[in-house]
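Reading through the structure tokens given below for one structure.
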Amino acid sequence: MEPENQKKLKEIIWDLNSQEELDEVHNLVRQRWDHLVKQEVTSYKPSDRVKWLHKGRSHTGKVVKCNVKTVDVEEDNSDKIWRITPTNLERI
């Protein structure tokens, strides 16, 4: 985010005067996040090769299913299926 935009956003948030106003901003941010995640999911398809980090350890696998907000990935050399948000995946 541009520093100027970040400053403006911070000023707007600090000018809010009630929990209801903060809740409204939170809901708007959540809606935007959900939209971006859904867009990202559509960029994957079954059989795509991906990698991700979990607890500091790198994993690799193959996409087996694309859900609304997550991607199911079968880990290499394992029968384990991981359900991962697409923002945590990287194509390989």
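Readers should treat all values here as calculations from the given coordinates under stated rules, not as data from a laboratory. Keep in mind it's a predicted model, so treat the numbers as computed, not measured.
Specify which labelled value, from (i) 1.44; (ii) 1.08; (iii) 2.19, agrees with Cα Rg over 2.2 N^0.38 Å derived from the coordinates of the model shown.
So the structure-derived entry is (i).
To test your reading of the geometry: what angle, between 0 and 90 degrees and rounded to tens, separates the Cα axis of helix 19-41 from the longest principal axis of the chain?
30
Going Cα to Cα from K80, which aspartates and glutamates come in below 15 Å? Please leave out same-chain ones fewer than 8 positions away.
Once the sequence-local aspartates and glutamates are set aside, what remains near K80 is D72.
Could you work out the helix-only [θ] at 222 nm for the chain, with each DSSP H run of four or more residues adding -39,500 (n - 2.57) and the total divided by the number of residues, to the nearest 500 deg cm²/dmol?
My calculation for the chain gives -13000 deg cm²/dmol from helical runs alone.
Of D48, D34, D79, which has the largest mean-square fluctuation in a 10 Å C-alpha GNM of the chain?
Maximum among the listed residues: D79.
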